[in-house]
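Have a look at the structure below, then the notes.
The values are calculated or read from the model by the stated rules, or taken from the named source; none is laboratory data. What you are looking at is a predicted structure, and each value in this text was computed from that prediction instead of being measured. Heads up, the Cβs are rebuilt from the backbone with ideal geometry, glycines too, and the neighbour counts pull from every protein chain shown.
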Amino acid sequence: MKWEGQEQSTNVEDRRSGGGRLPRLGGRGLGLGSIVIAVVVGWIFGINPLTVLGLLGGMGGQAEVTQQAPAQRPPADDRAAAFVSTVLRDTEQVWGRQFQGLGQTYQEPRLVLYRGAISSACGMGQAAMGPFYCPGDRKVYLDLEFFDTLQRQLGAPGEFAQAYVIAHEVGHHVQNQLGITDKVDALRGRVSTTQMNAISVRVELQADCLAGLWAHDSQAGRGWLERGDIESAVNAAARIGDDTLQREAGARVRPESFTHGSSAQRVRWFQRGLEQGRIAACDTLQARDL
């Protein structure tokens, strides 16, 4: 992926300095091992990892938010941050054009680099839980160490695999701006957990498709992809499917607990966006077959 020297986004907040402290719940500190347990339990049983963290930390406790580093621009010589800023800038340009075609104005999200743990409008975020988008403050949160996890533990190397992850989270921002997020949230508490999980799968697959749409338009505009880049993104989509994660956690595959979709589904919808390059092609909420 030929990204060096390309324009970078100014919407990146660097909150890594002074970071790395994990939150305390109920007066007890939570180590990385507890967080990993929470994530695995969430994968297997479809439970919000934050709920499990609350149980591990002690019943009835509230999160004690540590002081966060002030937001600043990433250092100019930070190659990893420069990569993230470059990819984010390209998503801004692609979605700016897409929204213009819809007669709308794209509102660019901010991306927060952090280390360990961070407080967001959606609650406490944990590095071990991977990158996430918070519709409450319209920000993408990313601990750069996740890219090492993506390569070493999940078996998904390559810079374009990392770009796919960023584009997926930006896809959630696109959903938020299009009003899809509010419609889905309105269903919470009105449908069963199994039904909500099924809806969540459709939302996540749409974000995968939107990431593929970004890759389609990005390549058409820049021509910066190299041999093997698309394959690395497809591999990443496959490696983080719910069925693959459950198998690698030593658990039985339970489709009713899926929240992000199977590996085959994630690959299929990413490729659909990549091939068709249209928002209308990414309507997973109405699709009969996933």
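Some observations on this one:
- Among the criteria (1) outside any loop (DSSP other than H, G, I, E, B); (2) crowded, with 19+ Cβ neighbours inside 10 Å, the one Gln195 does not fulfil is (2).
- For the range 269-290, the set of residues classified as more than 19 Å from Val94 (Cα to Cα) and crowded, with 19+ Cβ neighbours inside 10 Å consists of Thr284 only.
- Within the range 125-171, the set of residues being in contact with a helix residue (DSSP H, G or I) (Cβ under 6 Å, 6 or more places away or on another chain) and β-branched (Val, Ile, Thr) comprises Val140, Ile166, Val170.
- For Ala215, the stated conditions do not hold, so it cannot be described as in the same structural domain as Asp90 (by TED's automatic domain parsing) and without any contact (Cβ under 8 Å) to a residue 40 or more places away in the chain.
- Residue that is surrounded by the fewest Cβ atoms within 10 Å (Cβ to Cβ) [pool: residues in the range 123-145 that are within 14 Å of the chain's Cα centre (by Cα), of a type outside the set (S, T, N, Q) and at pLDDT below 90]: Gly130
- Being in contact with a helix residue (DSSP H, G or I) (Cβ under 7 Å, 6 or more places away or on another chain), among the basic types (Lys, Arg) and in the same structural domain as Thr91 (by TED's automatic domain parsing) is not true of Arg227.
- Any hit, the range 99-108, residues being assigned to a loop (DSSP other than H, G, I, E, B), on the phi > 0 side of the Ramachandran plot and under 16 Å from the mean Cα position of the chain (by Cα): no
- Of all residues in the range 142-163, those that are among the hydrophobic types (A, V, I, L, M, F, W, C) have Cβ atoms under 7 Å from Cβ atoms of residues that are assigned to a loop (DSSP other than H, G, I, E, B) and modelled with pLDDT under 90, 6 or more apart or on another chain, in Phe146/Gly130; Leu150/Ala156; Leu154/Ile240; Phe160/Met1; Phe160/Leu225; Ala163/Met1.
- In summary, Ile118 fulfils each of the numbered conditions (1) in contact with a Lys or Arg (Cβ under 7 Å, 6 or more places away or on another chain); (2) part of a loop (DSSP other than H, G, I, E, B); (3) at pLDDT 90 or above with the single exception of condition (2).
Yes or no, residue by residue, for (1) surrounded by fewer than 18 Cβ atoms within 10 Å (Cβ to Cβ); (2) in the same structural domain as Gln195 (by TED's automatic domain parsing); (3) not in a loop (DSSP other than H, G, I, E, B):
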{"position": "Glu231", "(1), (2), (3)": "yes, yes, yes"}
{"position": "Val234", "(1), (2), (3)": "no, yes, yes"}
{"position": "Gln246", "(1), (2), (3)": "no, yes, yes"}
{"position": "Gly250", "(1), (2), (3)": "yes, yes, no"}
{"position": "Gly261", "(1), (2), (3)": "no, yes, no"}
{"position": "Gln265", "(1), (2), (3)": "no, yes, yes"}
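Residues checked against (1) within 23 Å of Gly101 (Cα to Cα); (2) among the β-branched types (Val, Ile, Thr); (3) surrounded by fewer than 19 Cβ atoms within 10 Å (Cβ to Cβ):
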| site | (1), (2), (3) |
| --- | --- |
| Gln162 | no, no, no |
| Ala167 | yes, no, no |
| Arg190 | no, no, yes |
| Ala211 | yes, no, no |
| Arg222 | yes, no, yes |
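- Residues satisfying the stated conditions in the range 172-184, i.e. part of a helix (DSSP H, G or I) and either among the basic types (Lys, Arg) or exposed (fewer than 11 other Cβ atoms within 10 Å of the Cβ) (or both): Lys183
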